[in-house]
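Below is one structure, written out as structure tokens, with a few remarks after it.
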Amino acid sequence: MTSSAARTRRKSSPPLESPTVQAWELGLRLRERREEVGMTAVAAGRSSGITQAYISGVEAGRVKLPGDRLAQLVKVYEIDPADAAELEALRVAAMRRAWWHQYSQLFPAEFLRFLGYEAGAEHIRTYDNELLHGLLQTEEYARAVIRGGNTYVRLTEMDRRVAARMARQQRLGGDYPLRLTTVISEGALRQQVGGPEVMSAQLDHLDRLLTERPEQFEIRVVPFTAGAHPALGGPFQILSFPSPRLPDLVWQEVLTSSDIIDQSSRVADYAVTFAEARERALSSAESLELIRQIGKEMT
């Protein structure tokens with residue numbers, strides 16, 4: 001099913017724990033194998049006794065797969081024992097209940113799915129034009145954003161939403177910390193979210209991240225003087241994963257909707273847009289200097 005070289009690369013990947021990503025990889029590998037043996041999803045369903053809709057849901061990573069059904073597909077697709085063992089390991093990992101499921105009544109399903117992708121990502125490239133990325137936010141900044149930016153949020157939900165945002169930042173630590181490359185508008189640094197005191201503390205936080213962990217964080221600021229550039233249309237982020245089998249994804253969130261984009265041509269467009277925005281931005285050193293300068297202005 002796979003080459004030994006590809007299998008070696010996968011085993012050397014960091015053991016990031018995200019049932020969402022592991023279900024996604026399981027589905028992709030099953031689809032690849034089905035196509036290798038020349039079967040449609042309908043034909044696979046007939047041969048395995050599983051409905052075509054169920055097979056399609058598994059391949060999309062959106063439907064859980066019991067062990068007996070995986071065994072049926074392994075037989076139908078003639079998957080060798082070594083690969084079957086890897087698929088079973090992915091299946092078991094995909095069945096776990098992740099931390100974000102405790103917020104299932106608070107957030108829509110698509111956002112919970114994004115949290116799963118974020119938890120399993122290795123590197124995120126993000127463009128933000130008005131607010132700092134959630135992984136970079138202090139608790140007070142996050143509270144001010146949630147309180148002031150969402151008219152539909154009930155006060156009783158505030159603490160749980162803040163807690164969820166802080167829980168996401170666990171991926172910034174551990175043995176395999178997430179790398180973050182951020183391009184931000186100068187306006188995101190000057191917008192006094194929560195007031196000058198909260199914003200000053202937030203900018204100090206960015207300063208510490210860049211100073212203490214430069215290998216993990218890159219923040220590049222697009223100054224007002226840069227003029228028009230391709231990313232002006234709004235925030236987005238590109239997620240990359242440790243497994244060589246998994247393609248990049250884009251997450252885009254606007255006022256009334258959010259979207260996970262997986263079409264390769266569209267993802268490539270976002271990658272080019274990000275690269276051009278980064279090219280227009282200040283250098284890392286210049287960006288840090290501007291962050292410090294604006295921080296002093298807040299005090």
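The values are calculated or read from the model by the stated rules, or taken from the named source; none is laboratory data. Keep in mind that what you see is a predicted model, and the values were worked out from it rather than measured. Cβ coordinates were reconstructed from backbone atoms using ideal geometry, including for glycine residues, and neighbour counts include every protein chain displayed.
Looking only at segment 162-180, residues that are out of contact with any helix residue (DSSP H, G or I) (no Cβ under 8 Å at 6 or more places or on another chain) and either crowded, with 16+ Cβ neighbours inside 10 Å or of a type in the set (Val, Ile, Thr) (or both) come to 1 in all. For segment 144-154, the criterion of being under 30 Å from Val272 (Cα atoms) and surrounded by fewer than 14 Cβ atoms within 10 Å (Cβ to Cβ) is satisfied by at least one residue.
Run down Arg62, Arg97 and say which single residue is modelled with pLDDT under 95 and exposed (fewer than 14 other Cβ atoms within 10 Å of the Cβ). Steps first, answer last, please.
Working: Arg62 fails: exposed (fewer than 14 other Cβ atoms within 10 Å of the Cβ).
Selected residue: Arg97, the only one of Arg62, Arg97 that is modelled with pLDDT under 95 and exposed (fewer than 14 other Cβ atoms within 10 Å of the Cβ).
Would you please name the residue that is nearest to Glu279 (Cα to Cα), looking only at residues in segment 155-188 that are of a type in the set (Asp, Glu) and modelled with pLDDT under 95?
So in segment 155-188, the residues of a type in the set (Asp, Glu) come out as 157, 159, 175, 186.
Then drop every residue that is not modelled with pLDDT under 95, which leaves 157, 159, 175.
Working: Glu157: 40, Asp159: 38, Asp175: 31 Å.
Checking each candidate, the answer is Asp175.
When residues in segment 239-261 are screened for being in contact (Cβ under 8 Å) with a residue 60 or more places away in the chain and within 15 Å of Val21 (Cβ to Cβ), 11 of them pass.
Of these, Ala285, Ala201, which one is touching a residue at least 40 places away in the same chain (Cβ under 8 Å) and part of a helix (DSSP H, G or I)?
Numbers: Ala285 fails: touching a residue at least 40 places away in the same chain (Cβ under 8 Å).
None of the other options fit; the residue is Ala201.
Restricting the search to segment 184-197, which residues are surrounded by fewer than 18 Cβ atoms within 10 Å (Cβ to Cβ) and either in contact with a Leu (Cβ under 6 Å, 6 or more places away or on another chain) or in a helix (DSSP H, G or I) (or both)? Once the filter is applied, which keeps residues that are surrounded by fewer than 18 Cβ atoms within 10 Å (Cβ to Cβ) and either in contact with a Leu (Cβ under 6 Å, 6 or more places away or on another chain) or in a helix (DSSP H, G or I) (or both), segment 184-197 yields Gly187, Arg190, Pro196, Glu197. Annotation note: of Glu140, Glu110, Glu157, Glu88, the sole residue that is in the same structural domain as Gly61 (by TED's automatic domain parsing) and in a helix (DSSP H, G or I) is Glu88.
Ile79 - would you say it is more than 28 Å from the chain's Cα centre (by Cα) and either surrounded by 18 or more Cβ atoms within 10 Å (Cβ to Cβ) or in a helix (DSSP H, G or I) (or both)? Give the derivation first.
Details: more than 28 Å from the chain's Cα centre (by Cα): yes; either surrounded by 18 or more Cβ atoms within 10 Å (Cβ to Cβ) or in a helix (DSSP H, G or I) (or both): yes.
When the stated conditions are applied, Ile79 passes them.
Condition first: part of a helix (DSSP H, G or I) and surrounded by 13 or more Cβ atoms within 10 Å (Cβ to Cβ). Can you find one or more residues in segment 233-251 that meet it? No, segment 233-251 has no match at all. Sub-7 Å Cβ pairs linking a first residue in segment 72-83 that is assigned by TED's automatic domain parsing to the domain that holds Arg33 to a second residue that is among the basic types (Lys, Arg), at least 6 apart or interchain, are Tyr77/Arg33; Tyr77/Arg34; Ile79/Arg33, ordered by first then second residue.
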